[in-house]
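Only one structure is covered here, and it is reproduced in the block below.
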Amino acid sequence: MATRFFPTSRIVGGKEATFGKWPWQISLRQWRTSTYLHKCGAALLNENWAITAAHCVEKVPPTDLLLRIGEFDLSEEKEPFGYVERRVQIVATHPQFDARTFEYDLALLRFYEPVTFQPNIVPICVPENDADHIGKTGYVTGWGRLYEDGPLPSRLQEVPVPVITNEACESMYRQAGYIEHIPHIFICAGWRDGGKDSCEGDSGGPMVLQRDEDNRWLLGGVISWGIGCAEPNQPGVYTRISEFRHWINQILQF
C-alpha cells in the first residue's frame with residue numbers, strides 16, 4: 001500500500017476566502033519550543049466542542065494544543081472581529097482510529113471555556129441523514145501550503161471539489177498506480193485532472209456542502225489523507241461525517 005501522506009500542507013489551486021465566510025474554520029496549533037504554530041485545521045461544532053482529524057492530535061498532550069477560532073489572516077491583528085483562543089480540556093479520539101490506514105480519523109476537542117458566537121465564529125451543522133452528496137460541490141478550506149514545499153498562506157484559502165463515489169475514487173487511484181481500499185467511512189472529492197486539492201496543513205479541516213432544502217452548510221467530511229496534492233487521479237479522501245453522527249452527538253452531550 002502506498003504511504004498515505006500530505007508531503008506538504010496546502011490548499012492547491014484555490015483562492016483566498018473573504019473574512020467571515022467560513023466562520024466554523026479553526027486553526028489547530030501545537031506548542032513548538034517557544035510558541036504555538038499552525039498544525040492542522042479543525043471545525044467548530046458548538047460553543048464547547050471542535051472536530052479535527054485524529055492524526056492531528058495523536059500522541060499530543062492536550063496542554064500542547066491551542067485552538068484559534070474566528071481567524072482569517074494569520075498575520076493581521078486588525079480584523080473586523082477578533083479571533084478567540086481556547087485551550088483544550090478533553091481530546092476524544094475515535095476508539096477505532098488506525099494510524100496505518102487512517103480509518104476512523106476523527107477527534108473531538110472540548111474547550112476549557114465556551115466560545116460566544118459572533119459573525120466570524122459560527123458552528124457547522126453535523127448531517128442528520130446519510131445523503132451521499134455524489135456530484136455535489138464541496139468546499140475545502142485551510143491555511144495549508146499553496147504548492148508543494150511552498151510557503152504557508154497567511155489568509156484562509158478555499159477550493160471547490162466535486163464529491164465522487166468511493167468506487168470512482170479507487171479506480172482513479174488505480175489509474176495513478178496506487179491500489180487503495182476506500183471503505184464507506186471515507187468520502188472522496190477531487191478533480192480527475194488534479195490542480196485543486198487540500199494538503200497536509202489543511203488536515204483535520206472541514207469539507208462542507210450546502211443542503212438543497214435550505215442552503216444550510218453541513219460538515220460533509222474532515223480532511224484525512226491523500227497521496228501527493230492536487231495530482232491527477234488522486235482525489236482527496238475525507239472522513240465521512242454522516243457515518244459518525246451518532247458517535248459525535250453522543251460525545252457532544254458532555
**Request:** Answer with yes or no whether Arg145 is among the basic types (Lys, Arg), more than 23 Å from Gly190 (Cβ to Cβ) and in contact with a Leu (Cβ under 7 Å, 6 or more places away or on another chain).
**Result:** no
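Quick check, is Val163 buried (at least 20 other Cβ atoms within 10 Å of the Cβ), in contact (Cβ under 8 Å) with a residue 24 or more places away in the chain, touching a His at 6+ places or on another chain (Cβ under 8 Å) and more than 30 Å from Arg87 (Cβ to Cβ)? Please lay out each step first, then the result.
Working: buried (at least 20 other Cβ atoms within 10 Å of the Cβ): yes; in contact (Cβ under 8 Å) with a residue 24 or more places away in the chain: yes; touching a His at 6+ places or on another chain (Cβ under 8 Å): yes; more than 30 Å from Arg87 (Cβ to Cβ): yes.
The answer is yes for Val163.
For region 108-145, give me the residue count where each residue is of a type in the set (A, V, I, L, M, F, W, C), under 26 Å from Tyr178 (Cβ atoms) and crowded, with 18+ Cβ neighbours inside 10 Å.
Number of matching residues: 1.
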**Prompt:** Restricting attention to region 50-68, which residues are under 19 Å from Val208 (Cα atoms) and either in contact with an Asp or Glu (Cβ under 6 Å, 6 or more places away or on another chain) or surrounded by fewer than 23 Cβ atoms within 10 Å (Cβ to Cβ) (or both)?
**Reply:** Ala53, Ala54
**Message:** Give me the residue from region 25-42 that is surrounded by fewer than 24 Cβ atoms within 10 Å (Cβ to Cβ) and among the hydrophobic types (A, V, I, L, M, F, W, C) and, out of that set, farthest from Ser198 (Cα to Cα).
**Reply:** Trp31
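Each value in this text was obtained by applying a stated rule to the coordinates, not by laboratory testing. Quantities reported herein were computed from a predicted structural model and do not represent experimental measurements. Neighbour counts are summed over all protein chains in view; Cβ atoms, including those assigned to glycine, are modelled from backbone coordinates with ideal geometry.
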